Amino acid sequence: MPEQAFAVVGFFENADALVRAASSLRGSGLGHVEGYTPYPVHGLASALRLRRSPLGGMVLVMGVLGALTAILFQWWANGIDYPTVTGGKALFSWEAFVPVMFEVTVAFATFTAGVGMLVLLNRLPFFAHPLLSSPAMAQITRDRLALAIEAERSAALDVEPARAALISAGALACEVVPYPVPLPRLAAATLGRLAASIGAACLVSGVLMYWSVKLFPVLPPMVKMLDQPRLDAQHGNSFFADGRVDQLPAPGTVARGFLPYDVASAEEAQLLANPLPRTPEVMAAGRRVYRTYCLVCHGALATGDPLLSKAYGAKPANMQSPAIRAFPDGHYYDVIMRGKNAMPSYAAELSADERWAAIHYVRALQRAQNAPDEDLR
Ligand code: HEC
């Protein structure tokens, strides 16, 4: 069999001659034209009409697909297939899905980048480019500038027309690069022996392992707590119709002490009355809540002199001012529930009783700073 040529390489005098030849050879139809230079040559990429890589677009599309896959899967798994309430949140709580969405986006994008670049765009596995082991490459990596006309994927290369085209485009000399001699393929018998010996080794070590564990039982650790009769959260259970241990809250019910705050507007909130009596215990609880949550911003006497640094920026309200003293208790409650401008909501941190107790305590602070004569008698 005559040796098949992979490419004809032509060497050029200088970079200008190379770029000129590249544009004239590009459309010649003789084969794939490729440039090889020891340093980047300006204009060569555009003369060869190298496309911008589509990899960025592929990665973007797959990344978005990854994010969608993740959010849809979590919505289905958490909200439909196996609805589980976590921390009292709604079944579709997209904020909780973000970490997984991020991970899946990154996974889709990186695998696309890796596989897309190596397999689709770089056409691997192509373990050694035939040119790499040629004498031509030894010269190119030193100081020569070259253009190669290479065989297209399946077509054979016509050496003579390619050589003539390179010479007429200005090449000083040409070199023909053959396909490398393929390595001998592994014989089926060798592969069979390899598989048989790996199989035998697995079998022998498996049997040995099994009997050594059987014959020399290790003492179990203290397993009394593991062995007790109980229902695990994610296990099955024959008591309920749906067979689950984890039950969803019965429809229309709320947890004790967690009545939803369904006051529509700040005006409506004005009508709320403080349900707690002003006992020493309630005052003590209110003081504890105030000193834990409110004092940093509103100050020990509720005058709005914060302990926070100037960096906080906002000016906490002075609760000793006549305007704020005049607000009814319900308004205070509403501010604690919803927050106001720079003041965050304390709905999640405090129970209803703690909020009302804090309001009693604020009232006591206000009265202490504005005591009328009767109070002093
Ligand atoms: C992070 C700082 C901060 C904390 C903590 C804080 N507040 Fe405030 N609070 C503010 C700021 C700032 C304002 C002024 C908001 C505005 O009017 O723009 C304010 C305003 C108020 C007002 C007046 C609302 C109005 O309508 O003018 C009340 C009442 C109040 N806070 C009560 C509390 C109570 C009770 C707590 C503790 C549970 C608390 N705040 C915790 C920063 C805070």
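The values are calculated or read from the model by the stated rules, or taken from the named source; none is laboratory data. Being a predicted model, the structure only gives us computed values, none of them experimental. When we count neighbours, we look across all protein chains shown, and the Cβ atoms used for this are built from the backbone with ideal geometry, even at glycine. Each accessible area value is taken on the protein alone, full model and side chains, heavy atoms only, with ligands, DNA and RNA left out. Shrake-Rupley method; radii C 1.70, N 1.55, O 1.52, S 1.80 Å.
For segment 298-377, the helices (runs of 4 or more DSSP H) that sit wholly inside it and include 1 or more residues that are farther than 20 Å from residue 272 by Cβ are 322-325, 352-369, 373-376. May I ask you to list the residues in segment 1-49 that are in contact with a Phe, Trp or Tyr (Cβ under 8 Å, 6 or more places away or on another chain), open to solvent by less than 80 Å² (accessible area, probe 1.4 Å) and not in a strand (DSSP E or B)? Within segment 1-49, 18, 21 meet the criteria. Tallying residues that are near the ligand (Cβ under 10 Å from one of its atoms), in contact (Cβ under 8 Å) with a residue 60 or more places away in the chain and under 13 Å from residue 369 (Cα atoms) within segment 293-326 yields 1. Does at least one position in segment 24-31 carry a residue that is over 20 Å from residue 168 (Cα atoms) and without any contact (Cβ under 8 Å) to a residue 12 or more places away in the chain? No. In segment 265-284, the residue that is modelled with the lowest pLDDT out of those that are open to solvent by 80 Å² or more (accessible area, probe 1.4 Å) and closer than 18 Å to residue 347 by Cα is 268. For segment 161-207, the set of residues classified as part of a helix (DSSP H, G or I) and in the same structural domain as residue 136 (by TED's automatic domain parsing) consists of 161, 162, 163, 164, 165, 166, 167, 168, listed by residue number.
Summed over segment 339-367, residues that are touching a residue at least 24 places away in the same chain (Cβ under 8 Å) and either hydrophobic (A, V, I, L, M, F, W, C) or more than 10 Å from the ligand (Cβ to nearest atom) (or both) total 17.
I'd like the full set of residues that are closer than 23 Å to residue 360 by Cα and of a type in the set (Ser, Thr, Tyr), limited to segment 310-324. Residue satisfying the conditions is 321 alone. When segment 145-176 is filtered for residues that are open to solvent by 40 Å² or more (accessible area, probe 1.4 Å), under 46 Å from the mean Cα position of the chain (by Cα) and not small (Gly, Ala, Ser), the ones remaining, listed by number, are 152, 153.
Residues in segment 318-341 that are closer than 25 Å to residue 308 by Cβ and open to solvent by 50 Å² or more (accessible area, probe 1.4 Å): 318, 322, 323, 325, 327, 338, 340, 341.
Based on this model, can you work out whether residue 248 counts as more than 30 Å from residue 78 (Cα to Cα), in contact (Cβ under 8 Å) with a residue 24 or more places away in the chain, away from the ligand (no atom under 12 Å from the Cβ) and in a loop (DSSP other than H, G, I, E, B)? So residue 248 does not fit the description; no. Of the residues in segment 285-292, at least one is away from the ligand (no atom under 11 Å from the Cβ) and open to solvent by less than 60 Å² (accessible area, probe 1.4 Å).
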